[in-house]
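The values are calculated or read from the model by the stated rules, or taken from the named source; none is laboratory data. In this text the structure is predicted, and so the values were computed from the model without any measurement. All Cβ positions, even for glycine, are placed from backbone atoms using ideal geometry, and neighbour counts span all protein chains on display. Accessible surface areas use protein heavy atoms only, side chains included; no ligands, DNA or RNA. Shrake-Rupley method; radii C 1.70, N 1.55, O 1.52, S 1.80 Å.
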Amino acid sequence: MAAIAVVVMWVGRIAIVPAAPFLKYDPKDVVILMAGFLFGPFSAFLVSLTVSLIEMFTVSESGIIGCVMNVLSTCAFVCPAAWLYKRNHTIRGAIFGLVVGILCMTGVMLLWNYFLTPIYMGIPRQAVAAMLLPVFLPFNLLKGTINATLTLLIYKPLVGALRKTRHFPGQGGLASPPAGVAQASKINVGLVIVAAFVLVSCVVGIVLWQGVA
């Protein structure tokens, strides 16, 4: 899962905020979140740490501070979501966990962007404070929402693919399929439609945001 997340991070990095080109979106959190759904929040933390370290030594331009910010951002999102889903293996449990994860990540990153961004960007803290609501807040909400909807769309197909390749055993052990996955033998068409609509809305919002900026 860490290897997949690294590849996704390398090929999917895009800047979506014209006012802050250093804020780049990539979908690695989707893979890390699915690792958390499959194996628990601590596994998600380990995957996040591994990917962030590799990113720091390859494509990142923000060094150790950027690595710390990546771990904080990802873990604030995936660990609460994975923990809540572990307690309630249902679609409702997954959605509730994802919403909580988005809110946790947004709040955590507003705090740590205020403290750490001035250090590695070399800009006054007042300038960062002025960017919190118009830049950092919508960026993290969009990032979390996109990752959550992508997870809802591809989690079940990924689990099926892993089972076929014997990377995710169907019986016994830590990797046993969650009850919610086992019970949902059919694709929830309504959920897919809603997730796709939310994802398209996020993309349209990003395009409009860039056009206005």
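Does residue 159 meet the test of being touching a helix residue (DSSP H, G or I) at 6+ places or on another chain (Cβ under 8 Å) and more than 19 Å from residue 22 (Cα to Cα)? So residue 159 passes the test. From the list 16, 4, 32, the one residue that fits, being among the hydrophobic types (A, V, I, L, M, F, W, C), closer than 21 Å to residue 153 by Cβ and touching a strand residue (DSSP E or B) at 6+ places or on another chain (Cβ under 7 Å), is 16. Against the criterion of being within 20 Å of residue 4 (Cβ to Cβ), part of a helix (DSSP H, G or I), among the aliphatic types (A, V, I, L, M) and touching a helix residue (DSSP H, G or I) at 6+ places or on another chain (Cβ under 9 Å), residue 76 does not qualify.
Of the candidates 184, 175, 130, the single residue that is at pLDDT below 80 and either open to solvent by 30 Å² or more (accessible area, probe 1.4 Å) or touching a Ser or Thr at 6+ places or on another chain (Cβ under 9 Å) (or both) is 184.
For the stretch 79-101, a residue qualifies if it is open to solvent by 20 Å² or more (accessible area, probe 1.4 Å), within 20 Å of residue 198 (Cβ to Cβ) and assigned to a helix (DSSP H, G or I), and the qualifying residues are 80, 84, 91, 92, 95, 96, 99, 100. Residue check: residue 44 meets all listed conditions (1) surrounded by 20 or more Cβ atoms within 10 Å (Cβ to Cβ); (2) under 17 Å from residue 140 (Cβ atoms); (3) free of Cβ contacts under 8 Å to residues at least 40 places away in the same chain but one, namely (2). Being open to solvent by 50 Å² or more (accessible area, probe 1.4 Å), closer than 25 Å to residue 41 by Cα, in contact (Cβ under 8 Å) with a residue 40 or more places away in the chain and in contact with a Gly (Cβ under 8 Å, 6 or more places away or on another chain), is that true of even one residue in the stretch 104-118? Within the stretch 104-118 (the criterion being open to solvent by 50 Å² or more (accessible area, probe 1.4 Å), closer than 25 Å to residue 41 by Cα, in contact (Cβ under 8 Å) with a residue 40 or more places away in the chain and in contact with a Gly (Cβ under 8 Å, 6 or more places away or on another chain)), the answer is no, since none of the residues qualifies.
Taking the criterion of being under 13 Å from the mean Cα position of the chain (by Cα), modelled with pLDDT of 90 or more and either among the basic types (Lys, Arg) or in a helix (DSSP H, G or I) (or both), the residues of the stretch 7-27 that qualify are 8, 9. Condition test on residue 105, is it at pLDDT 95 or above and of a type outside the set (Gly, Ala, Ser)? Here the answer is yes, as residue 105 does meet what is asked. Scanning the stretch 57-70 for residues that are within 15 Å of residue 23 (Cα to Cα) and either surrounded by fewer than 22 Cβ atoms within 10 Å (Cβ to Cβ) or basic (Lys, Arg) (or both) yields 59, 60, 61, 62, 63, 65, 66, 67, 68, 69.
For the stretch 131-161, a residue qualifies if it is free of Cβ contacts under 8 Å to residues at least 40 places away in the same chain and closer than 18 Å to residue 92 by Cα, and exactly one does: 156.
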